[in-house]
Amino acid sequence: MQKPRPFNHKLIYIDERQERIRQAERRMNGTAADGVAANRLSFSRNQLQKGSVPRLSIPMLLSLLLIFLATALLVAFTI
């Protein structure tokens with residue numbers, strides 16, 4: 001009985017985003033692609049995501065809007 005041919009999966013398409021994430025993780029761990037230690041600022045994986053909005057910005061904007069509206073109503077009704 002013949003042994004089955006081994007599975008060899010080669011990627012046709014390259015996901016550039018995943019490659020950037022891998023490079024960022026290497027920098028976070030302190031090693032560059034060539035194995036040399038890299039002294040760079042580390043950052044989290046969430047900062048690499050496209051279109052990510054910091055979680056504090058939406059509540060902060062809403063609170064500023066409410067303060068502005070309250071101030072505008074106060075000024076409008078006191079005149």
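Kindly evaluate Leu65 against the criterion of being at pLDDT 90 or above and either surrounded by 10 or more Cβ atoms within 10 Å (Cβ to Cβ) or among the polar types (S, T, N, Q) (or both). Against the criterion (at pLDDT 90 or above and either surrounded by 10 or more Cβ atoms within 10 Å (Cβ to Cβ) or among the polar types (S, T, N, Q) (or both)), Leu65 qualifies.
Selection of the range 1-20 for residues being part of a helix (DSSP H, G or I) and of a type outside the set (Asp, Glu) yields Arg17, Gln18, Arg20.
The values are calculated or read from the model by the stated rules, or taken from the named source; none is laboratory data. Because the structure is a prediction, the values reported are computed rather than measured. Please note: Cβ atoms are built from the backbone with ideal geometry, for glycine as well, and neighbour counts cover all protein chains shown.
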